[in-house]
Amino acid sequence: MESTHKVAVVTGGAQGIGKAIVDAFGAQSVVVYVIDKQSGDWFVGDVSDKETLEKFVAYVVSQSGHVDYLVNNALPIMRGISECSYEEFQYALSVGVTAPFYLTKLLMPYFAPEASVVNISSSRDRMSQPQTESYTAAKGGIAAPTHAMAVSLAGKARVNSISPGWIDTTGSDISGPDATQQLVGRVGKPEDIASMVMYLCSDKAGFITGENICIDGGMTRQMIYHGEHGWTFEG
């Protein structure tokens, strides 16, 4: 991508997928503004808080005046229906759905021509494990607003989402069934997601908006039945 005077905003950029995205932008000489709850050399704050988002946007605008790329990546909490409180569920939605919406709304007047917004969802937007309701609701909840915002922001910014599958953020060498069950033979890496973010933010993706792209090693395409291909159900 053309990176001269380009500016990116990344939420939850301190570690994991977010850090890989920040590093990928940095490699393209894009100026990156990060907001994260963790202490560090970035804007420290909780994206669930309305005033924090407003202060963050005011800071970014005062420093750069415009934004080319917005990546809504901050991670919601995962709590199951058996133990998740009302407040915890609301918090997950605030981080995963409300914050991306409001941050996009606040930055919209400052989007540069051909701006790009990328929302990080999850393959849990279409499949689940037990006791994951807060996280699943938040990640699934950003998928539909993605195409709604793509329509509303037509001519101002392209808006897409990515649904990662199992992404190992620890740098571990995962082998055995955990790896071989994946159609591609391995667990995903943060760089797999960062590469797609870079593509969606580039001119090469200029005809793509309102889309959700699932990057999960093919796991959501497998039909899993007891007794087939080595799969057994123990319930």
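The values are calculated or read from the model by the stated rules, or taken from the named source; none is laboratory data. Model, not experiment: these values are computed from the prediction. Cβ: placed from backbone, ideal geometry, glycine included. Neighbour counts: every protein chain shown.
Can you tell me how many residues in region 148-196 are of a type outside the set (Asp, Glu), more than 29 Å from Phe111 (Cβ to Cβ) and not in a loop (DSSP other than H, G, I, E, B)?
Of the residues in that region, 4 qualify.
Could you tell me whether any residue of region 79-96 is touching a residue at least 24 places away in the same chain (Cβ under 8 Å), within 18 Å of Gln15 (Cα to Cα) and in contact with a Pro (Cβ under 8 Å, 6 or more places away or on another chain)?
Checked against the condition, which is being touching a residue at least 24 places away in the same chain (Cβ under 8 Å), within 18 Å of Gln15 (Cα to Cα) and in contact with a Pro (Cβ under 8 Å, 6 or more places away or on another chain), region 79-96 yields at least one hit.
Within the bounds of region 104-112, is there any residue that is touching a residue at least 24 places away in the same chain (Cβ under 8 Å) and more than 17 Å from Arg158 (Cβ to Cβ)? Show your work before the answer.
From region 104-112, those touching a residue at least 24 places away in the same chain (Cβ under 8 Å) are 104, 106-108, 110-112; that's our starting set.
Right, trim to more than 17 Å from Arg158 (Cβ to Cβ) and you get 106.
Yes, region 104-112 has at least one match.
Quick check on my filter: what residues within region 149-175 are among the hydrophobic types (A, V, I, L, M, F, W, C) and closer than 16 Å to Leu70 by Cα?
Met149, Ala150, Leu153, Ala154, Ala157, Val159, Ile162, listed by residue number.
Specify the residue that is surrounded by the most Cβ atoms within 10 Å (Cβ to Cβ); the eligible residues are those in region 38-50 that are closer than 21 Å to Tyr91 by Cβ and either among the polar types (S, T, N, Q) or over 20 Å from the mean Cα position of the chain (by Cα) (or both).
Only one residue fits best here, namely Ser48.
Check whether at least one residue in region 51-73 is crowded, with 22+ Cβ neighbours inside 10 Å, among the aliphatic types (A, V, I, L, M) and touching a Cys at 6+ places or on another chain (Cβ under 9 Å), and report yes or no.
Yes, region 51-73 contains at least one residue that is crowded, with 22+ Cβ neighbours inside 10 Å, among the aliphatic types (A, V, I, L, M) and touching a Cys at 6+ places or on another chain (Cβ under 9 Å).
Tell me yes or no: at least one residue of region 191-210 is buried (at least 18 other Cβ atoms within 10 Å of the Cβ), closer than 26 Å to Val22 by Cα and in contact with a Lys or Arg (Cβ under 6 Å, 6 or more places away or on another chain).
Yes, the conditions are met somewhere in region 191-210.
So, of the residues in region 15-35 that are β-branched (Val, Ile, Thr) and crowded, with 19+ Cβ neighbours inside 10 Å, which turns out to be nearest to the chain's Cα centre (by Cα)?
Ile17
Just give me the residues in region 143-165 being closer than 24 Å to Gly217 by Cβ and modelled with pLDDT of 95 or more, in sequence order.
Thr146, Asn160, Ser161, Ile162, Ser163, Pro164, Gly165
Got a number for residues in region 171-203 being in contact with a helix residue (DSSP H, G or I) (Cβ under 9 Å, 6 or more places away or on another chain), free of Cβ contacts under 8 Å to residues at least 40 places away in the same chain and β-branched (Val, Ile, Thr)?
Qualifying residue count for the region: 1.
Name the residue that is nearest to the chain's Cα centre (by Cα), counting only residues in region 99-122 that are over 24 Å from Lys204 (Cβ atoms) and crowded, with 20+ Cβ neighbours inside 10 Å.
Ser122
So which residues in region 211-235 are free of Cβ contacts under 8 Å to residues at least 60 places away in the same chain, crowded, with 16+ Cβ neighbours inside 10 Å and in a loop (DSSP other than H, G, I, E, B)?
Matches in region 211-235: Gly217 only.
May I ask you to say which residue of Thr146, Thr132, Thr136 is under 20 Å from Pro113 (Cα atoms) and either surrounded by 15 or more Cβ atoms within 10 Å (Cβ to Cβ) or aromatic (Phe, Trp, Tyr) (or both)?
Being under 20 Å from Pro113 (Cα atoms) and either surrounded by 15 or more Cβ atoms within 10 Å (Cβ to Cβ) or aromatic (Phe, Trp, Tyr) (or both) holds for just one of Thr146, Thr132, Thr136, which is Thr146.
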